[in-house]
Every structure is written in structure tokens, then in C-alpha cells.
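Notes for the one structure printed next.
The values are calculated or read from the model by the stated rules, or taken from the named source; none is laboratory data. The structure displayed is predicted, hence computed values, not measured ones. Cβ placement follows ideal geometry from the backbone for every residue including glycine, while neighbour counts extend to all protein chains displayed.
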Amino acid sequence: RPALPCDFVLLYAVIAMPLRQRLENLPVGQKLLAALLVLLATVLVVANLTFITAAYWISHESTAPQA
């Protein structure tokens, strides 16, 4: 069956809300550490996608027919 918007609301209620409550109960230092880890993960994903895109573009540039 196709996913309905209410399924995403249920998923949010099951996963995100307890996570949010756990983050609210953390000390400030651990909140900063969690934020830094999320930022690091985001930077790594963006860098990885950029590298893959550049490698794809370069490989297509080198195989393009020369005039």
C-alpha cells in the first residue's frame, strides 16, 4: 500500500519525539557534542557527494569525443 502522510506522522512520533526528549534532557556540553557530530556527518556527506559528482563529470569529460 502507498505511504500516507499519517504514516510519516506516526514515524515522527515514534522516532523523533523520544530523540527530542532525550536531547532536551542532556547537559549543554553533550548537546554541543551532538550538534558537532551532526555537523560533521553533514559535511562528510556533502563532501562525498561533491567528490562523486566531480569524478563522474571528469570521467565523462575524458570520454567525450574530441572535435
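Among the residues of the range 35-67, what is the count of those that are among the aliphatic types (A, V, I, L, M) and at pLDDT below 90?
Qualifying residue count, the range 35-67: 3.
From the set of residues in the range 1-13 that are surrounded by fewer than 10 Cβ atoms within 10 Å (Cβ to Cβ) and assigned to a helix (DSSP H, G or I), which is modelled with the highest pLDDT?
Applying the filter and picking the extreme gives 6.
Which of the residues belonging to the range 18-32 are assigned to a helix (DSSP H, G or I) and at pLDDT 85 or above?
24, 28, 29, 30, 31, 32
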